[in-house]
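K.L.:
After the structure tokens below, expect a handful of questions from me.
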Amino acid sequence: MVYVYDVLVNFNERLIDFYDWEEDDDYFHVRRCPLFKVSTFVIRDFSYRKVKVNTLFLNNIKDKTQMFSSKNIEVVPYMAIFSDSKSAVSVIFDKCGNIVKVSKFLINEELEIISLTNGLSVTNIDYKVSGKVRFNKMIRREASILDSIIFELSNIKDDKEKIDYLYYEWFDKSEGSNKYDTLVRDLKKRFTFRHEEFLNLINLLTVKK
């Protein structure tokens, strides 16, 4: 069995790319973890879908991952790293085989992992997929800004004067019906540089004197 040594992971229920990691995230230092070369199709499923692997694979990786802790080295029951020689992802399974956490890697560590798959044969893993593809449509900072906008708008939704003003600022027109709902719906469509400016405008409009 091939192992990956000494890498950093940032586990979450949904995959977060390394460029979206934040200082206060809970990082884990992996001492060693088994590596499997798989197809790109498998990488995509393991990264973005609800997956359940069979018992045979679970038994194959059981207790083979070790993590550094503040006092000791801890064993992780069901964890593995997968790569298609183009990208890599780390996965934690529960005892039933369901994926519960996933993580990317720092770019230099991912490149090292990819290089380890050279010469490896593709491992066929029996698994079942359920549910829709799950991926983040925006980075966390963008999601936070959008959440703040929607929250602040909800607080003034009954203030016609302010909603009319914000509607005009966003759409550059005064005409419209159901302005609050229309504004919220359009804001959620696609994040742009205007969202941050719009949040600053709302904050100025709603600041308590």
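Every read-out reported here was derived from the displayed coordinates using simple, explicitly stated rules and does not represent laboratory data. Just so you know, these numbers come straight off a predicted model, no measurement behind them. When we count neighbours, we look across all protein chains shown, and the Cβ atoms used for this are built from the backbone with ideal geometry, even at glycine.
K.L.:
Could you list which residues have their amide H under 5 Å from that of Leu15, counting only those 5 or more apart in sequence or on another chain, with H placed in the peptide plane?
P.N.:
Amide H neighbours of Leu15: none.
K.L.:
Follow-up question, since we're still on this one. Quick one: dipole size for the chain, taken about the Cα centre, charges +1 on Lys/Arg Cβ and -1 on Asp/Glu Cβ, in debye to the nearest 20. Present the calculation step by step, with values, prior to reporting the outcome.
P.N.:
Values: 33 positive and 32 negative charges, 175 e Å.
The calculation lands at about 840 debye.
K.L.:
Could you work out the longest stretch of the chain that avoids the GluC sites (Glu not before Pro) located in DSSP loops with at most 16 other Cβ atoms within 10 Å?
P.N.:
Working: sites that count: Glu13, Glu22, Glu23, Glu175.
My reading of the result: 24-174 is the longest stretch.
K.L.:
What are the ³J(HN,Hα) values, in whole Hz, obtained from phi via the Karplus relation 6.51 cos²θ - 1.76 cosθ + 1.60 with θ = phi - 60°, for each residue of segment 139-144 in sequence order, with x given for Gly and Pro?
P.N.:
Once θ is set to phi - 60°, the couplings for segment 139-144 become 6, 5, 5, 5, 4, 5 Hz.
K.L.:
Once amide H atoms are placed 1.01 Å from N in the peptide plane, what residues at a sequence separation of 5 or more from Thr123, or on another chain, have their amide H within under 5 Å of its amide H?
P.N.:
Result for Thr123 returns Lys37, Val38.
K.L.:
Now for a different question. For the chain, take every pair of Cα atoms, bin their distances at 10 Å starting from 0, and report each bin as a whole percent.
P.N.:
7, 28, 24, 15, 15, 9, 1
K.L.:
Turning to a different aspect of this structure: Given a Förster radius of 41 Å and the C-beta distance between Asn200 and Arg32 as r, what FRET efficiency does 1/(1 + (r/R0)^6) yield to the nearest 0.05? Can you show the working numbers first?
P.N.:
Working: r = 47 Å, r/R0 = 1.16.
Once rounded, the FRET efficiency stands at 0.30.
K.L.:
Picking from Lys104, Lys137, Lys189, which is most flexible by a Gaussian network model of the chain using Cα springs under 10 Å?
P.N.:
Per the Cα network of the chain with a 10 Å cutoff, Lys189 tops the list.
K.L.:
Then there's this: How much length is gained if the chain between Asn59 and Ala143 is pulled fully straight, taking 0.36 nm per residue apart and subtracting their Cα-Cα distance, in nm to one decimal?
P.N.:
In short, 26.4 nm is gained.
K.L.:
From the backbone phi of segment 4-14, what are the Karplus-calculated ³J(HN,Hα) couplings (6.51 cos²θ - 1.76 cosθ + 1.60, θ = phi - 60°) in whole Hz, Gly and Pro given as x?
P.N.:
With the stated coefficients, segment 4-14 comes to 9, 10, 6, 10, 9, 10, 9, 6, 8, 5, 10 Hz.
K.L.:
Follow-up. Can you give the percent of C-alpha pairs in segment 125-165 whose distance is more than 16 Å? All intermediate terms of the calculation are to be shown ahead of the outcome.
P.N.:
Working: 496 of 820 pairs.
Counting every Cα pair in segment 125-165, those more than 16 Å apart make up 60 percent.
K.L.:
Additional query: I'd like the orientation of helix 160-171 relative to the chain: the angle between its Cα long axis and the longest Cα principal axis, in ° from 0 to 90, rounded to 10.
P.N.:
60
K.L.:
How large is the charge dipole for segment 140-206, taken about the Cα centre, if only the Cβ atoms of Lys, Arg (+1) and Asp, Glu (-1) carry charge, to the nearest 20 debye? Spell out each step's value before the answer.
P.N.:
Working: 12 positive and 14 negative charges, 63 e Å.
For this selection, approximately 300 debye.
K.L.:
For segment 30-42, take each phi angle, set θ = phi - 60°, evaluate the Karplus expression 6.51 cos²θ - 1.76 cosθ + 1.60, and give the result in whole Hz per residue in order, putting x for glycine and proline.
P.N.:
Going residue by residue, I get 7, 7, 7, 7, x, 10, 10, 8, 9, 6, 4, 4, 5 Hz, with x marking Gly and Pro.
K.L.:
In segment 113-183, if the dipole is taken from +1 on Lys/Arg beta carbons and -1 on Asp/Glu beta carbons about the Cα centre, which of Ser115, Ile150, Ser174 is farthest to the positive end?
P.N.:
The one lying farthest along the dipole's positive direction is Ser115.
K.L.:
Can you give me the convex hull volume of the Cα atoms of segment 140-206, divided per residue and expressed in Å³? Please report the intermediate quantities before stating the final value.
P.N.:
Values: hull volume 5.2 nm³, N = 67.
Expressed per residue, the convex hull around the Cα atoms of segment 140-206 is 77 Å³.
K.L.:
Based on alpha-carbon centroids, what's the gap between segment 146-197 and segment 1-67 in Å, whole number please?
P.N.:
That distance is 40 Å.
K.L.:
Taking amide H positions as placed 1.01 Å from N in the peptide plane, with prolines and chain starts having none, which residues 5 or more places from Lys64, or on another chain, fall under 5 Å of its amide H?
P.N.:
Under 5 Å from the amide H of Lys64 lie the amide H atoms of Met79, each far enough along the sequence or on another chain.
K.L.:
Using packing as a proxy for protection, rank 81-92, 38-49, 121-132 so that the peptide with the highest average count of other Cβ atoms within 10 Å comes first.
P.N.:
In decreasing order of mean packing, 81-92, 38-49, 121-132 become 81-92, 38-49, 121-132.
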